[in-house]
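Undergrad: Starting off with a structure, shown below.
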Amino acid sequence: MTKVRSTTVLAVIHNGEVAIGADGQATMGNYVAKSNVKKIRKLQDGKIVTGFAGSTADAFTLLERFDEKLNSYGGNMKRAAIELAKDWRTDRYLRKLEAMLITADKSEVLVVSGTGDVLEPDNNIAAIGSGAMYAQSAALALKKHAQGLSAEDIVRESLNIAADICIYTNHNLVIETIKD
């Protein structure tokens, strides 16, 4: 079976703004299967934004479960992420899912992984997917040396840099923001 590879997702909190973006590429083997997949979703009336990487069907399953957890815990993002991670780790069906989530609200960014981890990244920058390290490196540099940029600008430029380097990342970007 051909493994589906895809994506770079990046979230940044900077100057009172939260931005999360992703490219649109899904790759199967050595060809591009789709170039405009939307991997960013707003939840809780736009108060929470999520992005996913990995198998698309698996990611949608996690996204649905995360949304259910948000509703169960009154929109408390951190609590919902922790409860999802607990389920992901202990539920036989969920354990087989191959995906990761980044979720952000106006004050924090979290990475949720299938190993039961809920990570609060340093520097309010989180990245997942094939081009994660390229995008994260670019975002760290831009946040440090171009402090006048908005979070959205940092995400856009960083994802474009990742797309120039990573063959599993393209320039079809979707970026969502949450502003104070």
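The values are calculated or read from the model by the stated rules, or taken from the named source; none is laboratory data. For clarity, every value in this text was computed on a predicted model and none was experimentally measured. FYI the Cβ positions are ideal-geometry reconstructions off the backbone, even for glycines, and counts take in every protein chain you see. Calculation scope for accessible area: heavy atoms of the full protein, side chains included, ligands and nucleic acids excluded. Shrake-Rupley method; radii C 1.70, N 1.55, O 1.52, S 1.80 Å.
Undergrad: Would you please list the contacts, defined by Cβ atoms under 7 Å and residues six or more apart or on different chains, that run from a residue in the range 153-164 that is within 12 Å of Ala22 (Cα to Cα) to a residue that is hydroxyl-bearing (Ser, Thr, Tyr) and crowded, with 20+ Cβ neighbours inside 10 Å?
TA: Partner pairs satisfying both residue conditions: Leu159/Thr8; Ala162/Thr8; Ala162/Tyr134; Ala162/Thr169; Ala163/Thr169.
Undergrad: Of everything in the range 111-151, what is open to solvent by 50 Å² or more (accessible area, probe 1.4 Å), in contact with a strand residue (DSSP E or B) (Cβ under 9 Å, 6 or more places away or on another chain) and charged (D, E, K, R)? Give them in sequence order.
TA: Listed by number, the residues that qualify are Asp117, Glu120.
Undergrad: In a helix (DSSP H, G or I), among the charged types (D, E, K, R), open to solvent by 50 Å² or more (accessible area, probe 1.4 Å) and farther than 20 Å from Val49 by Cβ: is that true of Arg156 in this structure?
TA: Numbers: in a helix (DSSP H, G or I): yes; among the charged types (D, E, K, R): yes; open to solvent by 50 Å² or more (accessible area, probe 1.4 Å): yes; farther than 20 Å from Val49 by Cβ: no.
Answer is no for this residue.
Undergrad: Still on this structure, please answer the following. Of all the residues that make up the range 138-152, how many are part of a helix (DSSP H, G or I) and free of Cβ contacts under 8 Å to residues at least 24 places away in the same chain?
TA: The first filter runs over the range 138-152 and keeps only residues part of a helix (DSSP H, G or I), leaving 138-145, 151-152.
Now drop any that are not free of Cβ contacts under 8 Å to residues at least 24 places away in the same chain, which leaves 140-142, 144-145.
Number satisfying all stated conditions: 5.
Undergrad: Sticking with this structure for a sec: Quick one: Thr115 ticks every box in (1) modelled with pLDDT of 95 or more; (2) polar (S, T, N, Q); (3) within 21 Å of Met100 (Cα to Cα) bar one, so which box is it?
TA: It fails just one condition, (1).
Undergrad: If only one of Thr7, Thr50 is modelled with pLDDT under 95 and open to solvent by less than 30 Å² (accessible area, probe 1.4 Å), which one is it?
TA: Details: Thr50 fails: modelled with pLDDT under 95.
Answer to the selection: Thr7.
Undergrad: Let me ask something additional. Name the residues in the range 64-92 that are open to solvent by 30 Å² or more (accessible area, probe 1.4 Å) and not in a helix (DSSP H, G or I), would you? Break it down stepwise before answering.
TA: Step one: list which residues in the range 64-92 are open to solvent by 30 Å² or more (accessible area, probe 1.4 Å), which gives 64-65, 67-69, 71-74, 76, 78-79, 82, 86-87, 89-92.
Correct list: Tyr73, Gly74, Asn76, Asp91.
Undergrad: Moving to a separate point now. Looking at (1) exposed (fewer than 15 other Cβ atoms within 10 Å of the Cβ); (2) over 20 Å from Tyr168 (Cα atoms), which is the only condition Ser35 fails?
TA: Failed condition: (2).
Undergrad: Please indicate, with yes or no, whether at least one residue in the range 168-176 is out of contact with any Ser or Thr (no Cβ under 6 Å at 6 or more places or on another chain), open to solvent by 80 Å² or more (accessible area, probe 1.4 Å), free of Cβ contacts under 8 Å to residues at least 24 places away in the same chain and more than 25 Å from Phe66 (Cβ to Cβ).
TA: Checked the range 168-176: no residue is out of contact with any Ser or Thr (no Cβ under 6 Å at 6 or more places or on another chain), open to solvent by 80 Å² or more (accessible area, probe 1.4 Å), free of Cβ contacts under 8 Å to residues at least 24 places away in the same chain and more than 25 Å from Phe66 (Cβ to Cβ).
Undergrad: Which of the residues that make up the range 26-47 are at pLDDT 90 or above, closer than 26 Å to Leu110 by Cβ and part of a loop (DSSP other than H, G, I, E, B)?
TA: Result: Lys38, Lys39, Gln44, Asp45, Gly46, Lys47.
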